[in-house]
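Okay, so here's the structure we're looking at.
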């Protein structure tokens, strides 16, 4: 290299040198494979000490590298799970509040912890690859080994928790693949390509034919599967732009709970400002027969019942009279707890308005909604068995709707209890069904289902039968985009202000062009894979070729 600076040439030990080196090593070192010298060092001549390179047995290095790679994949996969579950994490927050009595938004904590785990595993994997690149053995410190096992345990515990307590989220994860599959494929293709060199090195160090064949089959099988995956990707957003359905209408879930206290008059007004067409809420009947808006069976989360009625904190919401309910503040909690992480900060006027909110009656909401040109849909909560109106809460609610004077068509009736009686008394009221089956001889005109049911629905067939479909609860743009492409008529959302601003799905791919793009991306990756993979049948060690040793 003339007079310029040149790096010392590193020599990779041959099999004969390995045997000689083992003979020179102390017996204790050969018998203690888990206590390896951390790194090889350069001698004065510039060569890596062959014995130091071999001080950590090859099989042990392969096992720990495999465990490190597995940990990286698991942490990356769990990050994906958390990002998808953010759409429904408010339900998790409410669940924990009901169990512990303390409110906390777990979104930042989950994201911070999983980001740290992914960053740690990524840096450790990068360091391992660099060590391999420079011919150094990967000998993990005990601390790293413990941390890797801890990460695996945490991810496994999270998956078990999903299976035990939140099984419907498995459907959410499967559905999310329709929105993320093209991007996951690009990442997987890049990852499998980067693995080609480490796999070639591992193949070189394996001396038995059986494991070599198994390694070849596993690697090339995974490579082939990933590169051909675009042929099997299916998504509603793979279509011609001209075939894109109309944007789904918005239904405010408990109003606009990111802009105002849920189930209040302020939340109703914010729903109208968001451009939503329906206000979704929850109705209970007080001890003296007045229907009012409340979601929880206990008043502790959304009112100041603990300070007004400290002896009745655990009483059912329906056990309070209307006069008692009107004494409660239903807005101060919203300012204190900020239930949605990342929600827009309220103006001074909105803060004053929120702080003065009270528990509204159904009649108040109906009259206010009529002036705002909003329809109303509600879940009707059954009172406890000892409640005065336990057997007549449906009739009590219906009478309130009819006596309010609002048009019957403004009310979307969702409760299944006494539906025939309701239809007889209010024939113009629109009947909404919350399930696919069990309608008897009736032909439902409106379905209100969880978004996880999308794969079960034939949207085109339902539209052909003049059936409208609403899916709940949809908060994230990726999910809203997928349902938009699928042709859903409306969605129930906590984040109407965000979804209102969307003018187009997050992504839309023309089938022929999208397939060509993904396959074209796979081709150079496959070409890069073939070069180091060709070394698998060559006597030349990959590092020997890379370092320019042995005259190659």
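The values are calculated or read from the model by the stated rules, or taken from the named source; none is laboratory data. Treat the numbers as computed from the prediction; the structure is a model and nothing was measured. Cβ coordinates were reconstructed from backbone atoms using ideal geometry, including for glycine residues, and neighbour counts include every protein chain displayed.
On the given criteria, is residue 325 under 25 Å from residue 492 (Cα atoms), crowded, with 18+ Cβ neighbours inside 10 Å and either modelled with pLDDT of 95 or more or touching a helix residue (DSSP H, G or I) at 6+ places or on another chain (Cβ under 7 Å) (or both)?
No; evaluated as a whole, the condition is false for this residue.
Would you confirm whether any residue within region 208-215 is under 18 Å from residue 70 (Cα atoms), part of a helix (DSSP H, G or I) and at pLDDT below 85?
Looking for residues that are under 18 Å from residue 70 (Cα atoms), part of a helix (DSSP H, G or I) and at pLDDT below 85, one finds none in region 208-215, hence no.
Across region 410-439, what is the number of residues that are in a loop (DSSP other than H, G, I, E, B), surrounded by fewer than 18 Cβ atoms within 10 Å (Cβ to Cβ) and under 38 Å from the mean Cα position of the chain (by Cα)?
Result for region 410-439: 9.
For residues that are assigned to a loop (DSSP other than H, G, I, E, B), in contact with a strand residue (DSSP E or B) (Cβ under 7 Å, 6 or more places away or on another chain) and either in contact (Cβ under 8 Å) with a residue 60 or more places away in the chain or closer than 18 Å to residue 474 by Cα (or both), tally how many sit in region 261-291.
Of the residues in region 261-291, 6 are assigned to a loop (DSSP other than H, G, I, E, B), in contact with a strand residue (DSSP E or B) (Cβ under 7 Å, 6 or more places away or on another chain) and either in contact (Cβ under 8 Å) with a residue 60 or more places away in the chain or closer than 18 Å to residue 474 by Cα (or both).
Within region 318-348, which residues are closer than 20 Å to residue 282 by Cβ and in contact (Cβ under 8 Å) with a residue 40 or more places away in the chain?
318, 319, 330, 331, 333, 334, 337, 339, 340
If a residue counts only when it is within 35 Å of the chain's Cα centre (by Cα) and farther than 29 Å from residue 421 by Cα, which helices (runs of 4 or more DSSP H) contained entirely in region 296-406 have at least 1 such residues?
The helices (runs of 4 or more DSSP H) meeting that bar are 305-308, 332-337, 348-355.
Within the bounds of region 457-469, is there any residue that is buried (at least 21 other Cβ atoms within 10 Å of the Cβ), modelled with pLDDT of 85 or more, outside any loop (DSSP other than H, G, I, E, B) and within 33 Å of the chain's Cα centre (by Cα)?
The answer is yes; a qualifying residue exists.
Between residues in region 357-373 that are without any contact (Cβ under 8 Å) to a residue 24 or more places away in the chain and residues that are part of a helix (DSSP H, G or I) and crowded, with 20+ Cβ neighbours inside 10 Å, which pairs lie under 7 Å by C-beta distance while being six or more apart or on different chains?
none
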